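The next block holds one structure in the form of structure tokens; read it before the comments.
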Amino acid sequence: MLRRFRPFLSSRHKYVAVVALLVLLVLVRGLPFGSHRQDADVGDRPRYLYRSAFRENPDTAYERQLSEALRDIERRQVALHGKGGPSETIWQIILGKEPSAEHRGADSLQFQEKNPEWAYKLVTTEWAEEFVTITLSSIPGLASLYHAYPHHVLRADLLRYLILWYHGGYYADGDIFPARSIKECPSLQDSVFETEDPDISLVVGIEIDEPFASPQKMRDWHWVRSYSFIQYTIFAPRRFSPLLREVIVRVLSHTKRHLDESNIFLGARYNELTTLEITGPGVFTDAILDVLSNTLPASHPFVSESVAADKGLGDLISPSTGGLTERVTWAPFHRISDPRCAKGMEAKNGAELGGLCVLPVNAWGNGQRHSGAENFQSAHACVNHRFGGTWKPWKQTWKKYLFG
């Protein structure tokens with residue numbers, strides 16, 4: 001009599017199967033989608049202000065030294081070449097590889113082809129080295145901090161700020177697809193391209209606009225804060241933006257602090273959180289909001305709207321004095337449908353703003369599953385970001401994700 005075949009697993013196979021299942025569960029739980037309940041998406045209050053731990057007891061002496069060194073460079077360049085007109089150069093960065101059509105990819109090539117009237121510059125490792133160590137050699141600590149980064153993504157973050165501050169122009173990551181040419185972008189036509197001489201030194205887009213996000217949604221999406229500006233695409237119509245100057249100061253200051261506080265044997269380690277806060281969208285967003293707060297008068301709409309939105313929340317109430325801090329928060333940029341700009345001339349007497357325009361989410365941040373974003377085919381879309389994000393833990397191999 002034939003016996004019925006019964007499949008079985010050896011102890012070794014069972015062990016492998018269990019480990020594989022656990023790994024799969026960990027990876028799925030870490031992904032920013034899926035099974036969280038709809039009622040877990042919304043918190044009981046909005047968050048328009050985030051306080052970074054890196055701004056607690058910052059090294060103000062080093063930051064003043066950096067700011068003055070940057071200003072010295074600005075003064076020397078203006079004395080030699082004048083202020084100059086609008087900058088029309090497209091910048092992209094490729095580090096650690098020899099530049100080629102294959103390495104650039106179709107999106108990068110098409111970005112250049114779709115904007116033939118703009119100059120194009122691909123920043124290589126060699127070019128960046130000379131820029132940092134020779135052109136900007138007077139910035140204290142820049143070269144050593146730049147070389148201390150363990151990953152190219154950190155260097156690329158800092159480089160885009162330095163390049164746009166020093167040269168001006170339009171920066172785009174290599175995985176940015178041009179939905180239309182730069183000058184055909186509706187949001188830019190309605191803001192900086194309205195005039196040939198705009199009083200604007202920096203244009204940013206919106207990436208995250210979820211001030212009502214619940215703690216669960218924050219965990220699901222790996223968000224440090226519930227709002228942020230985009231830094232995978234940045235436009236500096238003019239050189240020497242005071243906003244970018246402050247971004248650079250903060251990035252270098254935060255990097256130095258991270259190094260100083262790191263383990264003497266293991267060195268400075270950068271996970272997703274520290275990358276976002278030291279060189280990425282976190283420090284970029286905070287610096288811009290703080291410059292607006294320090295330069296705009298209390299009567300400016302950005303300030304008054306921020307204060308009004310804080311009623312009942314108390315984030316702007318000083319815990320030490322009990323007084324109200326009149327500053328700019330995320331509130332003026334929540335769910336905007338048109339560009340919101342503050343021109344340089346709107347700064348209070350003696351303050352340097354340079355002018356800022358914030359574009360609505362669908363200009364540069366379309367294609368996301370949050371923040372009110374439409375799809376890539378949105379009528380407002382100017383670029384589409386493919387969101388490669390290979391530096392992020394959940395984009396890497398399971399071993400890298402689990403064990404670093």
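Selection of first residues in the range 44-73 that are among the β-branched types (Val, Ile, Thr) and of second residues that are loosely packed, with under 12 Cβ neighbours inside 10 Å, restricted to Cβ pairs under 9 Å at least 6 apart or on distinct chains, gives the following pairs, ordered by first then second residue: 73/138. One residue stands out in the range 66-80 among those that are surrounded by 16 or more Cβ atoms within 10 Å (Cβ to Cβ) and more than 15 Å from residue 241 (Cβ to Cβ): the one that is farthest from the chain's Cα centre (by Cα), namely 69. Here is a check on your reading of the model: is residue 295 hydroxyl-bearing (Ser, Thr, Tyr) and free of Cβ contacts under 8 Å to residues at least 60 places away in the same chain? Yes: the conditions hold for residue 295. Which one is surrounded by the fewest Cβ atoms within 10 Å (Cβ to Cβ), of the residues in the range 190-216 that are outside any loop (DSSP other than H, G, I, E, B) and at pLDDT below 95? Looking at the filtered set, the residue picked out is 215.
On inspection, residue 314 passes the criterion of being among the small types (Gly, Ala, Ser) and without any contact (Cβ under 8 Å) to a residue 24 or more places away in the chain.
Rundown of residues vs (1) at pLDDT 95 or above; (2) crowded, with 22+ Cβ neighbours inside 10 Å; (3) β-branched (Val, Ile, Thr), yes/no style:
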position	(1), (2), (3)
236	yes, yes, no
242	yes, yes, no
260	no, no, no
266	no, no, no
276	no, yes, no
284	yes, yes, no
292	yes, yes, no
304	yes, no, no
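Scanning the range 310-358 for residues that are crowded, with 19+ Cβ neighbours inside 10 Å and assigned to a loop (DSSP other than H, G, I, E, B) yields 310, 327, 328, 329, 330, 334, 339, 347, 353, 354, 355.
For every residue, the table says whether it meets (1) more than 21 Å from the chain's Cα centre (by Cα); (2) more than 22 Å from residue 174 (Cα to Cα); (3) hydroxyl-bearing (Ser, Thr, Tyr).
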{"residue": "82", "(1), (2), (3)": "yes, yes, no"}
{"residue": "89", "(1), (2), (3)": "no, no, yes"}
{"residue": "94", "(1), (2), (3)": "no, no, no"}
{"residue": "97", "(1), (2), (3)": "yes, no, no"}
{"residue": "115", "(1), (2), (3)": "yes, no, no"}
{"residue": "131", "(1), (2), (3)": "yes, no, no"}
{"residue": "138", "(1), (2), (3)": "yes, yes, yes"}
{"residue": "155", "(1), (2), (3)": "no, no, no"}
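Selection of the range 118-167 for residues being out of contact with any helix residue (DSSP H, G or I) (no Cβ under 8 Å at 6 or more places or on another chain) and among the acidic types (Asp, Glu) yields 126, 129, 130.
The values are calculated or read from the model by the stated rules, or taken from the named source; none is laboratory data. Because the structure is predicted, anything quoted here is derived from the model rather than measured. Backbone-built Cβ (ideal geometry, glycine too); neighbour counts: all protein chains shown.
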